[in-house]
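S.K.: First, the structure itself, so that you have it in front of you.
What follows is calculated from the coordinates using simple rules that are stated; it is not laboratory data. Bear in mind the structure is a predicted one, so any value in this text is a computation, not a measurement. Here the Cβ positions follow ideal geometry from the backbone for every residue, glycine too, while neighbour counts run over all protein chains shown.
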């Protein structure tokens, strides 16, 4: 028996193609959504990773800032300690020099001279006092100039004065301190001022 298909075959083929297109479109949409979701998750993951790195860098920078601050503080303390060390060394080096200077002054003042004060400023020594006459002042200046510790005595002022009813010559002179033979080329210390009253001999 011969069978004849009376259904329109073109319509069937068209419906079949439409179904295939719908299925492919649906699969494409699903695949596109999956791709978009995957890309979004990957981007969010990269952002979270970068945020984590940024936070780590911030923490490390904060640690470095604290360390830099501590190093700066330590350097300041070291500079202060070095400055104090320099002052102490300078005072220690000048201490022996002061002792020699006082001894030299006591040795070089003649009998006819009475010192009422002297003051040291750096390498200069200023002497003030009374002498029985101007000749004794000249003798004092020669004695100071002959000392290995002193040089270039300079008379600043000399005038007549009366002390305890005795007529005397009041003088004021300046002398430069030189390096001692023992010290050689030892460096000068920082500025040191000392003033005191001393009496050597009697007028």
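S.K.: Express in nm, to one decimal, how much length is gained between residue 20 and residue 46 on full extension, taking 0.36 nm for each residue of separation and deducting their alpha carbon distance.
M.R.: Computed gain between residue 20 and residue 46 is 5.5 nm.
S.K.: Quick check: residue separation of residue 67 and residue 159 times 0.36 nm, minus the Cα distance between them. What number comes out in nm?
M.R.: 26.4 nm
S.K.: Here's something else I'd like to know. In Å, what Rg and Dmax follow from the Cα atoms of the range 11-108?
M.R.: Cα only, the range 11-108: 41.8, 142 Å (Rg, Dmax).
S.K.: I want to check the label-to-label distance for residue 98 and residue 145. Put each point 7 Å from Cα in the C-beta direction and report it in nm to one decimal.
M.R.: 3.0
S.K.: Hey, with R₀ at 45 Å, roughly what FRET efficiency would residue 37 and residue 11 work out to, going by the Cβ-Cβ distance, to 0.05?
M.R.: Plugging the Cβ-Cβ distance into 1/(1 + (r/R0)^6) gives 0.70.
S.K.: Working out 0.36 nm times the residue gap between residue 138 and residue 76, then minus their Cα-Cα distance, what length gain in nm do you get to one decimal? Don't jump to the answer; show the numbers that get you there.
M.R.: Working: separation 62, 0.36 × 62 = 22.32 nm, distance 5.27 nm.
Going from the current span to full extension adds 17.1 nm.
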